[in-house]
Amino acid sequence: MNKKDKWLIVSYFMNLDGCAQAHWIDDRLPLLAKENREVILLSSFCGHKYRHLMHVRVLSISMKSLKEEVGYILKRTNWSNSWKIVSEKIIYILFYPLCFLENLIIKIGGESQWGWILPATVTTAVICLAKRPDLIYSSGGPVSAHLATGLVARITGIPWIAELQDPLVGEDISKSKFSKKALAYCEKVIFTTAKKVIFCTIQAKESAEARYPLGKGVVIYPGANIDIIPEYINKNKMDKFSIGHFGALYQSRNLKYFLAALQEAFVEEPDMSSRFALELYGGIFGEEIRDQIDCFPYKVINYHGMIKRKDSLIQESKCAVLLLVQNADQRSSVTIPSKVYEYLYLRKPILGLVFNNHELKTMIESHGHIVADATNIAQIKMAIIDYYHKWDKGQLDDIIQYVPSDITVEKACEQLIRVAESSIAENR
(Lines give C-alpha, C1' and ligand atoms only; values in the text may rest on other atoms or scores of the structure.)
Protein backbone atom coordinates (compact mmCIF):
# COMPACT_ATOMS: atom_id res chain seq x y z
CA MET A 1 0.00 0.00 0.00
CA ASN A 2 1.27 3.46 -0.88
CA LYS A 3 2.27 5.33 2.25
CA LYS A 4 0.22 8.33 1.09
CA ASP A 5 -2.98 6.33 1.48
CA LYS A 6 -5.18 7.97 4.09
CA TRP A 7 -7.61 6.37 6.51
CA LEU A 8 -10.53 8.25 8.01
CA ILE A 9 -11.25 6.51 11.32
CA VAL A 10 -14.64 7.22 12.88
CA SER A 11 -15.62 6.09 16.37
CA TYR A 12 -17.78 7.73 19.02
CA PHE A 13 -15.25 6.89 21.75
CA MET A 14 -11.52 7.67 21.38
CA ASN A 15 -8.68 8.49 23.76
CA LEU A 16 -10.82 7.81 26.83
CA ASP A 17 -8.97 6.01 29.61
CA GLY A 18 -10.88 3.08 31.08
CA CYS A 19 -13.34 2.86 28.17
CA ALA A 20 -12.95 -0.51 26.43
CA GLN A 21 -14.73 0.76 23.30
CA ALA A 22 -12.10 3.50 22.92
CA HIS A 23 -9.17 1.13 23.46
CA TRP A 24 -9.95 -0.69 20.21
CA ILE A 25 -8.83 2.40 18.27
CA ASP A 26 -6.37 3.88 20.77
CA ASP A 27 -4.23 0.74 20.93
CA ARG A 28 -3.94 0.49 17.14
CA LEU A 29 -2.94 4.07 16.33
CA PRO A 30 0.80 3.70 17.20
CA LEU A 31 0.95 0.51 15.12
CA LEU A 32 -0.74 2.16 12.15
CA ALA A 33 1.80 4.98 12.40
CA LYS A 34 4.65 2.44 12.29
CA GLU A 35 3.13 1.02 9.11
CA ASN A 36 3.10 4.52 7.54
CA ARG A 37 -0.66 4.84 7.47
CA GLU A 38 -1.85 8.43 7.54
CA VAL A 39 -4.93 8.64 9.74
CA ILE A 40 -7.60 11.27 10.26
CA LEU A 41 -9.75 10.81 13.37
CA LEU A 42 -13.36 11.72 14.06
CA SER A 43 -14.94 11.18 17.47
CA SER A 44 -17.20 12.72 20.09
CA PHE A 45 -15.99 15.04 22.86
CA CYS A 46 -16.03 12.21 25.42
CA GLY A 47 -12.30 11.62 25.09
CA HIS A 48 -9.19 13.78 24.96
CA LYS A 49 -8.00 15.26 21.68
CA TYR A 50 -4.99 13.65 19.99
CA ARG A 51 -2.63 16.60 19.57
CA HIS A 52 -0.17 14.91 17.19
CA LEU A 53 -2.86 13.79 14.72
CA MET A 54 -5.68 15.44 12.81
CA HIS A 55 -8.44 14.70 15.28
CA VAL A 56 -11.86 16.28 14.79
CA ARG A 57 -14.41 16.07 17.61
CA VAL A 58 -18.09 16.97 17.31
CA LEU A 59 -20.91 17.23 19.84
CA SER A 60 -24.20 15.34 19.67
CA ILE A 61 -27.55 17.00 19.12
CA SER A 62 -29.52 14.73 21.49
CA MET A 63 -29.94 15.99 25.03
CA LYS A 64 -28.98 12.69 26.68
CA SER A 65 -25.72 12.27 24.76
CA LEU A 66 -24.90 15.97 24.99
CA LYS A 67 -25.33 15.88 28.78
CA GLU A 68 -22.86 12.98 29.02
CA GLU A 69 -20.37 14.66 26.68
CA VAL A 70 -20.46 17.92 28.64
CA GLY A 71 -19.93 15.84 31.78
CA TYR A 72 -16.75 14.35 30.30
CA ILE A 73 -15.55 17.83 29.33
CA LEU A 74 -16.07 19.06 32.90
CA LYS A 75 -14.06 16.15 34.31
CA ARG A 76 -11.09 17.24 32.20
CA THR A 77 -11.09 20.80 33.52
CA ASN A 78 -8.70 22.04 36.21
CA TRP A 79 -11.58 23.14 38.41
CA SER A 80 -11.75 22.05 42.03
CA ASN A 81 -13.85 18.99 42.87
CA SER A 82 -16.45 21.16 44.58
CA TRP A 83 -16.92 23.29 41.46
CA LYS A 84 -17.15 20.18 39.31
CA ILE A 85 -19.85 18.73 41.58
CA VAL A 86 -21.83 21.99 41.49
CA SER A 87 -21.50 22.17 37.69
CA GLU A 88 -22.66 18.57 37.28
CA LYS A 89 -25.71 19.28 39.45
CA ILE A 90 -26.59 22.33 37.35
CA ILE A 91 -26.23 20.31 34.13
CA TYR A 92 -28.43 17.57 35.56
CA ILE A 93 -31.16 20.07 36.50
CA LEU A 94 -31.01 21.78 33.09
CA PHE A 95 -30.92 18.62 30.98
CA TYR A 96 -33.19 16.26 32.92
CA PRO A 97 -36.57 17.57 31.64
CA LEU A 98 -35.29 17.58 28.05
CA CYS A 99 -33.80 14.09 28.39
CA PHE A 100 -37.07 12.80 29.86
CA LEU A 101 -39.06 14.28 26.97
CA GLU A 102 -36.57 12.95 24.45
CA ASN A 103 -36.85 9.41 25.85
CA LEU A 104 -40.63 9.55 25.55
CA ILE A 105 -40.46 10.55 21.88
CA ILE A 106 -37.47 8.55 20.67
CA LYS A 107 -37.00 5.05 22.09
CA ILE A 108 -33.98 3.92 20.11
CA GLY A 109 -31.90 3.06 23.17
CA GLY A 110 -29.10 4.99 24.85
CA GLU A 111 -26.45 2.60 23.59
CA SER A 112 -26.72 3.90 20.02
CA GLN A 113 -25.85 7.58 20.73
CA TRP A 114 -28.27 8.42 17.91
CA GLY A 115 -27.83 12.16 18.44
CA TRP A 116 -24.29 11.91 17.07
CA ILE A 117 -25.41 10.60 13.66
CA LEU A 118 -26.18 13.94 11.97
CA PRO A 119 -23.12 15.89 13.23
CA ALA A 120 -20.86 12.92 12.43
CA THR A 121 -22.37 12.48 8.95
CA VAL A 122 -21.88 16.14 8.04
CA THR A 123 -18.34 16.18 9.43
CA THR A 124 -17.43 12.91 7.69
CA ALA A 125 -18.66 14.35 4.38
CA VAL A 126 -16.66 17.56 4.85
CA ILE A 127 -13.49 15.62 5.71
CA CYS A 128 -13.94 13.33 2.70
CA LEU A 129 -14.36 16.32 0.37
CA ALA A 130 -11.38 18.19 1.84
CA LYS A 131 -8.92 15.34 2.49
CA ARG A 132 -10.10 12.64 0.06
CA PRO A 133 -9.25 9.58 2.19
CA ASP A 134 -8.65 6.25 0.48
CA LEU A 135 -10.54 4.34 3.16
CA ILE A 136 -13.22 4.96 5.78
CA TYR A 137 -13.00 2.73 8.85
CA SER A 138 -15.71 2.90 11.52
CA SER A 139 -15.62 1.10 14.86
CA GLY A 140 -18.28 0.77 17.55
CA GLY A 141 -19.84 0.34 20.01
CA PRO A 142 -22.36 3.05 19.25
CA VAL A 143 -23.91 2.48 15.81
CA SER A 144 -23.94 6.21 15.08
CA ALA A 145 -20.39 5.91 13.72
CA HIS A 146 -21.48 3.23 11.25
CA LEU A 147 -24.58 5.06 10.04
CA ALA A 148 -22.65 8.31 9.52
CA THR A 149 -19.85 6.66 7.56
CA GLY A 150 -22.19 4.35 5.66
CA LEU A 151 -24.19 7.20 4.17
CA VAL A 152 -21.07 9.10 3.11
CA ALA A 153 -19.42 5.97 1.71
CA ARG A 154 -22.51 5.22 -0.38
CA ILE A 155 -22.53 8.74 -1.86
CA THR A 156 -18.78 9.16 -2.40
CA GLY A 157 -17.86 5.59 -3.34
CA ILE A 158 -14.96 5.58 -0.87
CA PRO A 159 -14.38 2.01 0.38
CA TRP A 160 -15.67 1.49 3.90
CA ILE A 161 -14.96 -1.21 6.47
CA ALA A 162 -17.17 -1.40 9.56
CA GLU A 163 -16.06 -3.02 12.81
CA LEU A 164 -18.87 -4.20 15.08
CA GLN A 165 -17.53 -4.38 18.62
CA ASP A 166 -20.86 -5.91 19.65
CA PRO A 167 -23.57 -7.60 17.56
CA LEU A 168 -26.51 -5.40 16.61
CA VAL A 169 -29.15 -8.11 16.32
CA GLY A 170 -29.94 -10.99 18.64
CA GLU A 171 -31.78 -12.10 21.73
CA ASP A 172 -31.23 -9.90 24.84
CA ILE A 173 -29.20 -7.34 22.83
CA SER A 174 -31.75 -4.52 22.63
CA LYS A 175 -34.67 -3.62 24.87
CA SER A 176 -37.57 -1.93 23.05
CA LYS A 177 -39.27 -3.04 19.83
CA PHE A 178 -38.28 0.23 18.18
CA SER A 179 -34.67 -0.29 19.20
CA LYS A 180 -34.66 -3.81 17.77
CA LYS A 181 -36.03 -2.57 14.43
CA ALA A 182 -33.62 0.37 14.31
CA LEU A 183 -30.57 -1.80 15.00
CA ALA A 184 -31.73 -4.39 12.46
CA TYR A 185 -31.94 -1.60 9.87
CA CYS A 186 -28.43 -0.46 10.83
CA GLU A 187 -27.12 -3.97 10.27
CA LYS A 188 -28.74 -4.02 6.82
CA VAL A 189 -27.11 -0.69 5.89
CA ILE A 190 -23.72 -1.96 7.03
CA PHE A 191 -23.88 -5.24 5.10
CA THR A 192 -25.24 -3.72 1.90
CA THR A 193 -22.75 -0.83 1.79
CA ALA A 194 -19.49 -1.80 3.54
CA LYS A 195 -16.71 -3.62 1.69
CA LYS A 196 -15.99 -5.72 4.77
CA VAL A 197 -17.65 -6.16 8.16
CA ILE A 198 -15.38 -7.03 11.08
CA PHE A 199 -16.66 -9.07 14.03
CA CYS A 200 -14.92 -9.93 17.29
CA THR A 201 -16.28 -13.49 17.55
CA ILE A 202 -16.86 -16.33 15.12
CA GLN A 203 -20.39 -16.86 16.40
CA ALA A 204 -21.33 -13.19 15.84
CA LYS A 205 -20.06 -13.39 12.25
CA GLU A 206 -21.92 -16.63 11.52
CA SER A 207 -25.13 -15.30 13.04
CA ALA A 208 -25.04 -12.10 10.95
CA GLU A 209 -24.04 -13.89 7.75
CA ALA A 210 -27.03 -16.21 8.13
CA ARG A 211 -29.12 -13.07 7.55
CA TYR A 212 -26.78 -11.54 4.93
CA PRO A 213 -24.82 -14.29 3.12
CA LEU A 214 -22.64 -11.85 1.17
CA GLY A 215 -19.21 -13.13 2.20
CA LYS A 216 -18.24 -9.80 3.77
CA GLY A 217 -17.65 -10.98 7.34
CA VAL A 218 -14.18 -11.11 8.91
CA VAL A 219 -13.27 -12.12 12.48
CA ILE A 220 -10.55 -10.13 14.25
CA TYR A 221 -9.99 -10.63 17.98
CA PRO A 222 -9.00 -7.19 19.39
CA GLY A 223 -6.22 -8.74 21.48
CA ALA A 224 -4.06 -7.49 24.34
CA ASN A 225 -1.89 -4.39 24.19
CA ILE A 226 1.37 -5.99 25.31
CA ASP A 227 3.21 -2.65 25.44
CA ILE A 228 1.32 -1.59 28.58
CA ILE A 229 1.02 -4.95 30.37
CA PRO A 230 3.36 -5.14 33.40
CA GLU A 231 5.80 -7.92 34.15
CA TYR A 232 4.64 -11.14 35.77
CA ILE A 233 4.24 -11.02 39.57
CA ASN A 234 4.20 -14.19 41.70
CA LYS A 235 1.23 -13.93 44.06
CA ASN A 236 2.11 -17.04 46.08
CA LYS A 237 4.38 -14.83 48.20
CA MET A 238 1.35 -12.89 49.47
CA ASP A 239 -0.68 -13.69 52.59
CA LYS A 240 -4.10 -13.70 50.93
CA PHE A 241 -5.64 -15.92 48.28
CA SER A 242 -7.05 -13.03 46.26
CA ILE A 243 -9.48 -13.22 43.37
CA GLY A 244 -9.82 -10.02 41.37
CA HIS A 245 -12.65 -8.86 39.13
CA PHE A 246 -11.91 -5.95 36.79
CA GLY A 247 -14.69 -4.22 34.89
CA ALA A 248 -18.27 -3.08 35.29
CA LEU A 249 -20.97 -5.11 37.02
CA TYR A 250 -24.45 -4.47 35.64
CA GLN A 251 -27.73 -6.24 34.80
CA SER A 252 -27.11 -10.00 34.50
CA ARG A 253 -23.34 -9.53 34.63
CA ASN A 254 -23.09 -9.69 38.40
CA LEU A 255 -21.66 -11.73 41.28
CA LYS A 256 -24.87 -13.47 42.37
CA TYR A 257 -23.77 -17.01 41.49
CA PHE A 258 -20.11 -16.45 42.32
CA LEU A 259 -20.88 -15.21 45.84
CA ALA A 260 -23.28 -18.10 46.45
CA ALA A 261 -20.54 -20.51 45.38
CA LEU A 262 -17.95 -18.69 47.49
CA GLN A 263 -20.13 -18.96 50.59
CA GLU A 264 -20.47 -22.72 50.04
CA ALA A 265 -16.70 -22.98 49.51
CA PHE A 266 -16.09 -21.28 52.88
CA VAL A 267 -18.36 -23.85 54.56
CA GLU A 268 -16.51 -26.71 52.89
CA GLU A 269 -13.06 -25.18 53.56
CA PRO A 270 -13.41 -23.39 56.94
CA ASP A 271 -9.87 -21.98 56.95
CA MET A 272 -10.29 -20.29 53.55
CA SER A 273 -12.38 -17.30 54.67
CA SER A 274 -9.60 -15.89 56.87
CA ARG A 275 -7.08 -16.20 54.04
CA PHE A 276 -9.26 -14.91 51.20
CA ALA A 277 -9.88 -11.53 49.57
CA LEU A 278 -12.19 -10.56 46.70
CA GLU A 279 -10.85 -7.42 45.01
CA LEU A 280 -13.37 -5.51 42.87
CA TYR A 281 -12.35 -2.80 40.41
CA GLY A 282 -14.76 -0.95 38.13
CA GLY A 283 -18.26 0.49 38.24
CA ILE A 284 -21.19 -1.18 40.01
CA PHE A 285 -24.54 -0.31 38.46
CA GLY A 286 -27.83 -1.29 40.09
CA GLU A 287 -29.05 -1.48 43.68
CA GLU A 288 -29.58 -5.24 43.50
CA ILE A 289 -25.93 -5.83 42.61
CA ARG A 290 -24.77 -3.52 45.40
CA ASP A 291 -27.00 -5.39 47.85
CA GLN A 292 -25.48 -8.73 46.77
CA ILE A 293 -22.06 -7.39 47.73
CA ASP A 294 -23.07 -5.48 50.87
CA CYS A 295 -25.09 -8.39 52.28
CA PHE A 296 -22.40 -11.03 51.83
CA PRO A 297 -21.92 -12.47 55.34
CA TYR A 298 -18.11 -12.68 55.20
CA LYS A 299 -16.03 -9.48 55.32
CA VAL A 300 -13.71 -10.42 52.49
CA ILE A 301 -14.79 -8.01 49.72
CA ASN A 302 -12.74 -4.91 48.95
CA TYR A 303 -14.30 -2.46 46.48
CA HIS A 304 -11.80 -0.06 44.92
CA GLY A 305 -14.01 1.72 42.38
CA MET A 306 -12.86 2.80 38.95
CA ILE A 307 -9.15 3.27 38.31
CA LYS A 308 -6.98 4.12 35.31
CA ARG A 309 -6.18 1.41 32.80
CA LYS A 310 -2.47 1.12 33.60
CA ASP A 311 -3.22 0.97 37.33
CA SER A 312 -5.80 -1.71 36.62
CA LEU A 313 -3.24 -3.82 34.77
CA ILE A 314 -0.81 -3.54 37.69
CA GLN A 315 -3.49 -4.71 40.12
CA GLU A 316 -4.43 -7.57 37.78
CA SER A 317 -0.84 -8.78 37.85
CA LYS A 318 -0.93 -8.87 41.66
CA CYS A 319 -4.04 -11.04 42.03
CA ALA A 320 -3.79 -14.77 42.63
CA VAL A 321 -6.74 -15.48 40.31
CA LEU A 322 -8.46 -13.27 37.74
CA LEU A 323 -12.24 -13.54 37.58
CA LEU A 324 -14.09 -13.14 34.29
CA VAL A 325 -17.90 -12.87 34.44
CA GLN A 326 -20.20 -12.95 31.42
CA ASN A 327 -23.78 -11.72 31.30
CA ALA A 328 -26.15 -14.55 32.20
CA ASP A 329 -28.23 -14.09 29.05
CA GLN A 330 -28.09 -14.93 25.36
CA ARG A 331 -25.99 -11.93 24.29
CA SER A 332 -23.02 -13.74 25.85
CA SER A 333 -23.20 -16.51 23.23
CA VAL A 334 -21.93 -14.10 20.55
CA THR A 335 -19.62 -11.83 22.57
CA ILE A 336 -16.22 -12.11 24.26
CA PRO A 337 -15.25 -9.58 26.97
CA SER A 338 -12.15 -7.70 25.77
CA LYS A 339 -10.66 -8.04 29.26
CA VAL A 340 -9.98 -11.74 28.61
CA TYR A 341 -7.11 -10.91 26.23
CA GLU A 342 -5.23 -9.02 28.95
CA TYR A 343 -5.89 -11.85 31.38
CA LEU A 344 -4.54 -14.45 28.95
CA TYR A 345 -1.40 -12.47 28.18
CA LEU A 346 -0.64 -11.96 31.89
CA ARG A 347 -0.55 -15.76 32.31
CA LYS A 348 -2.21 -15.50 35.71
CA PRO A 349 -4.81 -18.15 36.63
CA ILE A 350 -8.25 -17.30 35.22
CA LEU A 351 -11.65 -18.38 36.51
CA GLY A 352 -14.04 -17.80 33.62
CA LEU A 353 -17.77 -17.76 34.37
CA VAL A 354 -19.01 -18.35 30.84
CA PHE A 355 -22.61 -18.43 29.64
CA ASN A 356 -23.45 -20.54 26.57
CA ASN A 357 -20.26 -19.61 24.68
CA HIS A 358 -18.21 -22.54 23.39
CA GLU A 359 -15.80 -20.19 21.60
CA LEU A 360 -14.81 -18.37 24.79
CA LYS A 361 -14.77 -21.59 26.83
CA THR A 362 -12.36 -23.18 24.37
CA MET A 363 -10.17 -20.07 24.29
CA ILE A 364 -9.75 -19.97 28.08
CA GLU A 365 -9.34 -23.72 28.61
CA SER A 366 -6.85 -24.08 25.74
CA HIS A 367 -4.55 -21.69 27.62
CA GLY A 368 -4.65 -23.85 30.77
CA HIS A 369 -7.31 -22.04 32.81
CA ILE A 370 -10.62 -23.08 34.42
CA VAL A 371 -14.10 -22.38 33.06
CA ALA A 372 -17.40 -22.85 34.91
CA ASP A 373 -20.97 -22.32 33.77
CA ALA A 374 -21.86 -18.76 34.81
CA THR A 375 -25.02 -19.94 36.63
CA ASN A 376 -23.80 -23.28 38.00
CA ILE A 377 -22.98 -22.75 41.68
CA ALA A 378 -21.54 -26.26 42.15
CA GLN A 379 -19.10 -25.85 39.24
CA ILE A 380 -18.00 -22.42 40.43
CA LYS A 381 -17.47 -23.70 43.99
CA MET A 382 -15.30 -26.58 42.74
CA ALA A 383 -13.19 -24.17 40.66
CA ILE A 384 -12.65 -21.82 43.63
CA ILE A 385 -11.60 -24.70 45.90
CA ASP A 386 -9.33 -26.17 43.21
CA TYR A 387 -7.48 -22.88 42.80
CA TYR A 388 -7.34 -22.41 46.58
CA HIS A 389 -5.67 -25.80 47.11
CA LYS A 390 -3.10 -25.01 44.41
CA TRP A 391 -2.40 -21.63 46.00
CA ASP A 392 -2.06 -23.22 49.45
CA LYS A 393 0.52 -25.68 48.08
CA GLY A 394 2.43 -22.97 46.23
CA GLN A 395 1.50 -24.43 42.83
CA LEU A 396 -0.88 -21.77 41.57
CA ASP A 397 1.66 -19.49 39.90
CA ASP A 398 3.64 -22.14 38.07
CA ILE A 399 3.65 -20.11 34.85
CA ILE A 400 4.54 -23.14 32.71
CA GLN A 401 1.00 -24.52 33.12
CA TYR A 402 -0.51 -21.48 31.37
CA VAL A 403 -0.08 -21.36 27.59
CA PRO A 404 1.33 -18.04 26.27
CA SER A 405 -1.26 -16.03 24.36
CA ASP A 406 -0.61 -14.74 20.85
CA ILE A 407 -3.92 -12.85 20.67
CA THR A 408 -2.44 -9.37 20.64
CA VAL A 409 -3.21 -5.90 19.30
CA GLU A 410 -0.26 -6.27 16.91
CA LYS A 411 -1.84 -9.34 15.35
CA ALA A 412 -5.23 -7.61 15.16
CA CYS A 413 -3.67 -4.59 13.47
CA GLU A 414 -1.93 -6.78 10.89
CA GLN A 415 -5.26 -8.41 10.04
CA LEU A 416 -6.98 -5.01 9.87
CA ILE A 417 -4.36 -3.67 7.46
CA ARG A 418 -4.79 -6.70 5.19
CA VAL A 419 -8.56 -6.16 5.13
CA ALA A 420 -8.04 -2.45 4.38
CA GLU A 421 -5.53 -3.16 1.61
CA SER A 422 -7.87 -5.57 -0.15
CA SER A 423 -10.79 -3.14 0.15
CA ILE A 424 -8.78 -0.27 -1.34
CA ALA A 425 -7.40 -2.50 -4.10
CA GLU A 426 -10.92 -3.59 -5.10
CA ASN A 427 -11.90 0.05 -5.49
CA ARG A 428 -9.03 0.97 -7.80
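For segment 302-317, the count of residues that are more than 19 Å from the chain's Cα centre (by Cα) and assigned to a strand (DSSP E or B) is at least one. From the list Leu255, Leu324, the one residue that fits, being closer than 30 Å to Asp227 by Cα, touching a helix residue (DSSP H, G or I) at 6+ places or on another chain (Cβ under 7 Å) and in the same structural domain as Ala372 (by TED's automatic domain parsing), is Leu324. Summed over segment 121-144, the residues that are surrounded by 17 or more Cβ atoms within 10 Å (Cβ to Cβ), modelled with pLDDT of 95 or more and not hydroxyl-bearing (Ser, Thr, Tyr) give a count of 6.
In segment 267-279, the residue that is nearest to Gly352 (Cα to Cα) out of those that are surrounded by fewer than 20 Cβ atoms within 10 Å (Cβ to Cβ) and not basic (Lys, Arg) is Ala277.
The rows are residues; the columns are (1) among the small types (Gly, Ala, Ser); (2) in contact with a Gly (Cβ under 9 Å, 6 or more places away or on another chain); (3) over 25 Å from Ala265 (Cα atoms).
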site: Ser332; (1), (2), (3): yes, no, yes
site: Leu353; (1), (2), (3): no, no, no
site: His358; (1), (2), (3): no, no, yes
site: Lys361; (1), (2), (3): no, yes, no
site: Glu365; (1), (2), (3): no, yes, no
site: Thr375; (1), (2), (3): no, no, no
site: Trp391; (1), (2), (3): no, no, no
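Scanning segment 113-158 for residues that are of a type in the set (Phe, Trp, Tyr) and under 21 Å from Val218 (Cα atoms) yields a single hit, Tyr137. Residues in segment 358-371 that are closer than 20 Å to Asp397 by Cα and in contact with a helix residue (DSSP H, G or I) (Cβ under 6 Å, 6 or more places away or on another chain): His367, Gly368, Ile370, Val371.
The set of residues in segment 16-36 being surrounded by fewer than 24 Cβ atoms within 10 Å (Cβ to Cβ), part of a loop (DSSP other than H, G, I, E, B) and in contact (Cβ under 8 Å) with a residue 40 or more places away in the chain consists of Leu16, Asp17, Gly18, Asp27, Glu35.
Which one is farthest from Trp116 (Cα to Cα) among residues in segment 1-15 that are of a type in the set (A, V, I, L, M, F, W, C) and crowded, with 23+ Cβ neighbours inside 10 Å? Across segment 1-15, the extreme among qualifying residues is Leu8.
Cβ-Cβ distances below 8 Å connect the following pairs, each with a first residue in segment 373-390 that is more than 16 Å from Met272 (Cβ to Cβ), a second residue that is of a type in the set (A, V, I, L, M) and not in a helix (DSSP H, G or I), and a separation of six or more residues or different chains: Asp373/Leu353; Asp373/Val354; Ala374/Val325; Ala374/Ala328; Ala374/Leu353; Ala374/Val354; Thr375/Ala328; Gln379/Ala372.
The values are calculated or read from the model by the stated rules, or taken from the named source; none is laboratory data. Every value quoted in this text rests on a predicted model; they were computed, and no experiment measured them. Methodologically, a virtual Cβ is constructed for each residue, glycine included, from the backbone with ideal geometry; neighbour enumeration extends over all protein chains shown.
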